[in-house]
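A short write-up of the structure that comes next.
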Amino acid sequence: MELRSKVPSGPLAEQWERHRSEIKLVNPANKLKHHIIVVGSGLAGASAAASLAELGYNVSCFCFQDSARRAHSIAAQGGINAAKNYQNDGDSVFRLFYDTVKGGDFRAREANVYRLAQISVNIIDQCVAQGVPFAREYGGLLANRSFGGVQVSRTFYARGQTGQQLLLGAYQALSRQIGLRKVAMYPRSEMLDLVVVEGRARGIIVRDLVSGRVSTHVGDAVVLATGGYSNVYYLSTNAKGCNVTAIWRAHKRGAAFANPCFTQIHPTCIPVTGHHQAKLTLMSESLRNDGRIWVPQRKGDTRSPNEIPDDERDYYLERLYPSYGNLAPRDIASRRAKEVCDEGRGVGPGGHGVYLDFRDAIARLGREVIAERYGNLFEMYQRITAENPFAVPMRMYPAPHYTMGGLWVDYNLMTTIDGLYAIGEANFSDHGANRLGASALMQGLADGYFILPYTIGDYLAQVKLDRLDTAHPAFRRTQAEVSDRVNTLVAAGGRKSVDAFHRELGRLMWDTCGMSRAAAGLQEARDRICALREEFWRDAYVGGTGEDFNQTLEHAGRVADFLEFAELMCHDALHREESCGCHFREEFQTPEGEAKRDDARFGYVAAWEFAGVGVAPVLHREPLEFAAVHPAQRSYTE
């Protein structure tokens with residue numbers, strides 16, 4: 001396996017424009033002859049499918065939800081970044097680029113991040129033209145607010161429903177192409193394997209989640225837009241259906257997996273209430289614009305928050321990071337929240353919580369202004385906790401949220417398998433070791449609307465593809481392997497539920513490969529994961545049949561993949577003997593408790609090649625080179 005990033009030469013600011021001018025093109029008549037498979041219908045998948053169809057390609061789009069509109073992108077709340085500088089506060093493409101590289105602790109590919117910052121300005125224009133109802137100021141101009149890790153206001157938003165509104169924009173573009181019969185939509189269909197013919201991705205194997213039928217689909221290229229893998233922790237802010245299956249099966253077919261241990265823990269989530277819980281709820285980072293985070297100064301202080309005077313409160317983010325205050329980056333804010341709770345100063349049941357307080361903002365701006373900005377978020381919080389945020393502070397605790405790791409891709413977003421592309425959260429390319437808030441929506445739409453439609457043509461224009469059908473031996477063989485796996489899961493006659501295995505894996509991963517990691521814990525976790533995986537195949541109970549609607553079978557297939565993938569996560573975390581961004585190794589920290597990078601030994605992307613289940617993966621390194629910025633110890637105190 002060879003990692004060729006294909007980053008264009010020349011000045012950073014000119015690379016993307018030059019690359020677009022030099023890549024090969026497919027003429028309009030030939031586009032009609034090509035068939036592209038897109039797996040996933042969130043912001044990345046829907047925008048890619050719609051844009052490719054608009055160009056003339058024939059597209060098949062698959063999603064496991066009953067409608068493309070139910071993709072997890074709909075859950076994004078706070079906003080989308082763009083370097084428009086509408087606030088005239090000093091923002092620029094370069095500043096967005098630098099904030100993103102710095103926020104990722106200098107573990108992202110410089111060229112990809114700069115391109116993302118350049119394209120950000122086009123995304124807003126595209127979405128406004130689609131009718132996305134971004135918030136506006138009194139005079140009608142688009143409004144902005146701030147997110148963590150920056151000192152400007154560049155985040156565009158639609159109350160606390162930005163992901164939903166952006167997805168509706170992409171969905172209407174997709175629906176238009178479905179109506180024109182340029183896109184064939186396959187809802188309630190789960191990709192279970194990738195078909196590789198002579199080293200090229202040529203199709204996928206899919207199971208219909210209603211009928212149970214396993215089918216094959218042939219294409220000239222395959223695009224994976226299947227999101228992240230935070231549900232490896234069982235409890236996360238992700239929808240319960242989110243999984244690693246599509247990208248993991250692609251990895252097992254030859255796609256390198258990059259930086260799998262880079263997982264983001266979001267600092268503002270509603271705390272766990274008990275063992276019965278199966279999901280966590282995100283509260284938007286935008287709340288930190290006006291909410292102040294604090295805990296009591298005294299350990300074990302159980303007074304009502306409104307009874308604790310200001311001089312007995314510790315606004316610890318404002319104290320530790322005066323220049324950024326409550327808008328410190330997510331990885332830092334999460335670690336500090338855990339730190340004060342571990343000291344015994346946490347609030348709420350079990351002491352696993354910190355306060356997010358709007359008292360001062362309400363006094364300064366008035367209740368109506370706060371309700372206008374965050375009304376739906378306040379309502380959601382009150383429905384879940386039965387506490388009124390206008391009267392008492394919210395209680396928050398960090399939770400798994402986003403994954404910066406993913407399939408390794410080059411500058412064209414192609415994986416190490418020719419013809420296989422990964423976009424959005426499914427790839428590793430833009431966020432390094434920590435994603436800044438409001439950048440996920442930006443990346444998904446940049447990849448789908450503005451990058452992939454150019455770069456996929458470069459591949460199709462140069463490759464000569466034989467005509468294939470589902471009778472090809474590779475398709476028959478892969479379909480048979482998928483059917484055998486499904487039948488094995490159904491035949492498992494154990495005594496333990498699939499959910500029990502998932503919960504046990506999630507607890508193990510959270511304790512050993514979550515907000516902080518240590519060598520001893522990671523080594524133990526790898527051994528326990530192997531044992532748990534063996535027990536799963538021996539003692540899991542699925543029931544039902546594979547030729548019918550069977551949600552336990554769906555879950556079992558995903559948990560089986562998590563049990564393989566979790567071992568790679570721990571292996572990667574153990575290998576990376578440094579702390580950077582969200583990857584915090586307890587052995588490698590500064591005296592102040594901050595992440596301590598080791599650029600000399602680990603200034604690279606770790607791309608892993610699959611060598612077999614239970615077999616140590618093969619490491620491939622892509623050195624990270626910086627021309628426009630110089631890696632330095634991150635500081636948010638000045």
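General observations
- So Arg395, is it assigned to a strand (DSSP E or B) and surrounded by 12 or more Cβ atoms within 10 Å (Cβ to Cβ): yes
- The condition of being under 23 Å from Gly405 (Cβ atoms), surrounded by fewer than 18 Cβ atoms within 10 Å (Cβ to Cβ) and charged (D, E, K, R) holds for Asp511.
Rundown of residues vs (1) among the charged types (D, E, K, R); (2) in the same structural domain as Ala337 (by TED's automatic domain parsing); (3) under 30 Å from Gly148 (Cβ atoms), yes/no style:
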{"site": "Asp410", "(1), (2), (3)": "yes, no, yes"}
{"site": "Ile417", "(1), (2), (3)": "no, no, no"}
{"site": "Ser439", "(1), (2), (3)": "no, no, yes"}
{"site": "Met442", "(1), (2), (3)": "no, no, yes"}
{"site": "Ala446", "(1), (2), (3)": "no, no, yes"}
{"site": "Ala500", "(1), (2), (3)": "no, no, no"}
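- Filter result for the condition that a residue is within 20 Å of the chain's Cα centre (by Cα) and of a type in the set (Asp, Glu), over Asp561, Asp599: Asp561
- For the criterion of being open to solvent by less than 20 Å² (accessible area, probe 1.4 Å), in contact (Cβ under 8 Å) with a residue 60 or more places away in the chain and touching a Ser or Thr at 6+ places or on another chain (Cβ under 6 Å), Phe501 fails.
- When Leu553 is tested against the conditions (1) in a loop (DSSP other than H, G, I, E, B); (2) within 27 Å of the chain's Cα centre (by Cα); (3) not small (Gly, Ala, Ser), the lone failure is (1).
- Of the set (1) out of contact with any strand residue (DSSP E or B) (no Cβ under 9 Å at 6 or more places or on another chain); (2) crowded, with 22+ Cβ neighbours inside 10 Å, all apply to Val26 but (2).
- Condition met for Arg176 (without any contact (Cβ under 8 Å) to a residue 60 or more places away in the chain, open to solvent by 10 Å² or more (accessible area, probe 1.4 Å) and more than 28 Å from Gly612 (Cα to Cα)): no
- Extreme residue, farthest from Cys242 (Cα to Cα), among residues of the range 552-590 that are among the polar types (S, T, N, Q) and touching a residue at least 40 places away in the same chain (Cβ under 8 Å): Thr590
- Ala566 being assigned to a loop (DSSP other than H, G, I, E, B), of a type outside the set (Lys, Arg) and under 15 Å from Lys252 (Cα atoms): no
- Residue in the range 165-174 that is modelled with pLDDT of 95 or more and part of a strand (DSSP E or B) present: no
- Residues that are among the charged types (D, E, K, R), in contact (Cβ under 8 Å) with a residue 12 or more places away in the chain, open to solvent by 20 Å² or more (accessible area, probe 1.4 Å) and closer than 21 Å to Tyr397 by Cβ, drawn from the range 348-380: Arg359
- Among (1) without any contact (Cβ under 8 Å) to a residue 40 or more places away in the chain; (2) within 24 Å of Tyr171 (Cα to Cα), the one test that Gly139 misses: (2)
The values are calculated or read from the model by the stated rules, or taken from the named source; none is laboratory data. Everything numeric here is computed off the predicted structure, so don't read it as measured data. Don't worry about glycine lacking a Cβ; one is built from the backbone with ideal geometry, like all the others, and counts go over all protein chains shown. Side chains included, ligands, DNA and RNA excluded: accessible areas come from the protein's heavy atoms. Shrake-Rupley method; radii C 1.70, N 1.55, O 1.52, S 1.80 Å.
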